[in-house]
Amino acid sequence: MQTTGTAADRSSIHRRRDSRQTSLPLHAALVDLAQSTYAITVIEVVGMHIPHELRDEFPNEVSLIERTIRTNYEFRRLATSYDEVNRKIYRIESEEEPTTDEVLEGLKKRRLKLKDEIAATLTKLEHRM
């Protein structure tokens, strides 16, 4: 981008560039991202699916989960712990973070215990409604 000219000229260049970028289809935007230094991070975030997310484990209770996270401190703590453990397991299984089999098994047991506690809480909340 050209850096000479008045502030108004530079501003119009930014507007044209921004409007051009927002009209690109997703695959074209990803090709443009490949040119940047942040391409790998952005593409990983866009394309990354972490298995066992709460919305995947409880697909019929997504709205209840979201509402309860906002209103119930204990449930929010459980959900946050579950997400942290689940993402750690994902990093280990995708070989981003090395560890022993024993540590991985302990994390999986912790995730299952948290999931059971979340399920019990959701069941109680559903019976109240």
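Would you tally the residues in the range 80-129 being within 19 Å of the chain's Cα centre (by Cα), surrounded by fewer than 17 Cβ atoms within 10 Å (Cβ to Cβ) and part of a helix (DSSP H, G or I)?
Count: 7.
Quick one: would you say residue 105 is in the same structural domain as residue 65 (by TED's automatic domain parsing) and more than 21 Å from residue 55 (Cα to Cα)?
yes
Any idea which of 49, 27 is part of a helix (DSSP H, G or I) and at pLDDT below 95?
27
Can you confirm whether residue 41 is of a type in the set (Ser, Thr, Tyr), surrounded by 10 or more Cβ atoms within 10 Å (Cβ to Cβ), over 30 Å from residue 124 (Cβ atoms) and at pLDDT below 95?
In short, yes.
The values are calculated or read from the model by the stated rules, or taken from the named source; none is laboratory data. Since we're looking at a predicted model, the values are computed, not measured. Glycine gets a Cβ as well: all are built from the backbone with ideal geometry, and neighbour counts include every protein chain shown.
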